1. Could you list, in sequence order, all residues of segment B:52-88 that are among the hydroxyl-bearing types (S, T, Y) and either more than 23 Å from B:P190 (Cβ to Cβ) or assigned to a helix (DSSP H, G or I) (or both)?
2. Test of understanding: among B:L142, B:L157, B:L137, which residue is surrounded by fewer than 17 Cβ atoms within 10 Å (Cβ to Cβ), in the same structural domain as B:A246 (by TED's automatic domain parsing) and under 38 Å from the mean Cα position of the chain (by Cα)?
3. Of the residues B:L249, B:L223, B:L240, only one is closer than 30 Å to B:S116 by Cα and in the same structural domain as B:S116 (by TED's automatic domain parsing); which?
4. In this structure, does B:V259 turn out to be touching a Leu at 6+ places or on another chain (Cβ under 7 Å) and under 29 Å from A:N151 (Cβ atoms)?
5. Just checking, which of B:P327, B:P258 is outside any helix (DSSP H, G or I) and surrounded by fewer than 17 Cβ atoms within 10 Å (Cβ to Cβ)?
6. Take the residues in segment B:1-43 that are farther than 29 Å from B:S83 by Cβ and free of Cβ contacts under 8 Å to residues at least 24 places away in the same chain, then tell me which one is nearest to the other protein chains (Cβ to nearest Cβ).
7. Scanning segment B:175-199 for residues that are surrounded by fewer than 18 Cβ atoms within 10 Å (Cβ to Cβ) and modelled with pLDDT under 90, which turns out nearest to the other protein chains (Cβ to nearest Cβ)?
8. Please state which one of B:R72, B:R86, B:R110, B:R82 is basic (K, R), buried (at least 17 other Cβ atoms within 10 Å of the Cβ) and either more than 14 Å from every other protein chain (Cβ to nearest Cβ) or closer than 26 Å to B:P485 by Cβ (or both).
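The values are calculated or read from the model by the stated rules, or taken from the named source; none is laboratory data. Since we're looking at a predicted model, the values are computed, not measured. Glycine also receives a Cβ, built like all others from the backbone with ideal geometry; neighbour counts cover every protein chain displayed.
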Amino acid sequence: MTGRVVHLLTGGAVSLALFLAVAAVSQWPSWQSVPDEAAVIRLSLRHGGVRACRPASEEELARLPPNMRLREICDRRRAPVHVRLVLDGQALIDRAVPPSGLWGTGPSRLYARFAVPAGPHQIALWLAENPEGDGARWELARQVTLTPGENLAIDFDTEAGGFVFHEGRREDG
Amino acid sequence: MSKGRPGPLARGFDRIERGLDRAFGPEWNPLAQLGPLGWFLFWIVTVTGAYLFAFFDTGLTETYASIEWMSRAGWWHAGLARSLHRYASDLMVVVMFTHLLREWALGRFRGARWFSWFTGVPIIWFVYMSGITGFWLVWDRLAQYVAITTAEFLDTLGIFGEPIARNFLSPAHLSDRFFTLMVFLHIAIPLILLLLMWIHIQRISAARTRPPRGLAAITLGALVVAALIAPAPLNGPADLSTVPQAVGLDWFFLSAYPVLERAAAPLVWIGAVVGTVAVAALPWAPPRPPREKPAEVFLDHCNGCERCVADCPYNAIRMVPRSDGAPFAFEAQVLPDRCVACGICMGACPSSSPFRRSGGLVTGIDLPDLSLAELRAQVIAAAEALPAKAGAPRVLTLSCAHGAGHEEAPGRVVMPCVAMAPPSMFDFILSRGLADGVVIAGCAARECHNRFGRAWTEARVARARDPMLRERVPRERLLTVWAGPTEAARLARETSDFGARLAGLGPLQRVRPLSEEERAEALALGRQTIRRAAE
């Protein structure tokens, strides 16, 4: 055999061994992202907090064109909304979620993920626009039984009445 | 000339490459062809990607169904293309990082070479972005894991109006348009990658973007066989009502994902930014060796022949209209920012003749750190240092600073590249009786440190390229040895064998020795420059 043919064969063998090793590392070893006996709860919400408003004075109204004379003057910035997620009596989230945007004019947005053991759980959710005042608030308490690997997605939609549990392979209690 | 001595990592590479030389041959050695291999793999990924697109469907269920069809029913064409697409991409990552490490080990990232290094850094990110968007398109369990982890990580930036991860909250949240967007990204990002790869090679002349045919055949053949033996994996379909627990990660592209999942996001972002800046800034990082002085043009000796332009491996010389009134249309002009001071231009200049008197020896294009006059003087000084045993032939070695002869030794002149010695220098050594034979000891045959040094030297000696070695030079008194920095023993052995052959040839004929005055003058300059280089 000529040198070139030998190199084709030996080089090919070396390359094949390398490429098979690459193919192996391309899928192995596997990574345990979530433990086998765990499920995941994802909470995602988007809700605009209230704006601080006050009655406009007569002088302020007089300075405005007639078609822009609103009775109240409101800040651009929204107030944060307060969110609480309690799982089996333990608070996983309990905080004020600030408004989005450079000037705080956008809605408060939250996305959180928790790996929890599969099995029955008591979930309590609470969202308030103004916890100290009389703003709107939503609450939901629910018993769920999570199966291993289940993804329980909890969304928030005021038109649907507040917190929404998205159906997966979940067994509600 | 002792600068640029190969470090431990460079010597390590040399040892591995010697092993690969035996398997592939020097010409097809993959470690010496990493750049061209990267291009070749890119085209394999592009062609297979275009083929896969013909069978790909976009839609929540259609996407996975189409990939499943390719992998099962169409395994022998579309499935094979998919495996080639995946493994060639993985290999691109391997080739890319090996290329980066090797160039760093060989010191080819400082000075004028900063441009190629710096423009290579964004390529790393675009290779990753190209690959990761590809994983999303399969829409299997791995894709689901990658999509959600990526989205959650990007959301930590807080710059998106709506958290991207909301798209993957439940099956109801995901729309078909998502896959259309991903297809667009998976095409647009590689196009930008191609542009970056093109920019990356702009400051080198005759950039190699194709590996030798033999290596290309080996690579493609072995890839096809590997793809048939171990087809690219396809997990179960993505299901947003469940969460992927154990996933078979592609560790070439996704090795950072466990970190993204577990480490604090700000820390990862800071690490990514700091790491990128640190790698990109390496050309200017301490300890900074003094930069080699770029070549200089001496118009009194330049006739605008363009040979230096043709031979420069770094596009560092261009021809411009004559500025000194001499009767030539053009003159050479060095671009200092691009010149690595390899001296190849000096070896190409027809004015570079050591036969001229040493005192005023100036050539058309010269190297300030080791001028033609200094090189000639060093040659004469090295010849003086040759052991004078009765009957033993005197062998003078002209050696590359990056090859087996990079260490200073009696009877040896070390230079940045052997191609900086014009062919007339070999003629000069033999016709003046400075030695009975000349060894030209360059880099390993697989790759020249300065790209074309070996090719130009061989072509000049073989009288296939200007400036040609004169016919009167006895070829049996010349030996070329192409050997890497760890092959000093081979160089010594081949030099010794060469000496034995020279002994059989008898003494040199028609020798015209240097005059005493010329010799003394050269010795003074030669010893001075050798001492300066050693310091």
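1. B:T61, B:T63, B:Y64, B:S66, B:S71, B:S83, B:Y87
2. Numbers: B:L142 fails: surrounded by fewer than 17 Cβ atoms within 10 Å (Cβ to Cβ); B:L137 fails: surrounded by fewer than 17 Cβ atoms within 10 Å (Cβ to Cβ).
Exactly one residue qualifies, and that residue is B:L157.
3. B:L223
4. Numbers: touching a Leu at 6+ places or on another chain (Cβ under 7 Å): no; under 29 Å from A:N151 (Cβ atoms): yes.
No, not satisfied.
5. Working: B:P258 fails: outside any helix (DSSP H, G or I).
Only one candidate qualifies: B:P327.
6. For segment B:1-43, the residue satisfying everything is B:R22.
7. B:S175
8. Every option except B:R110 fails the conditions.
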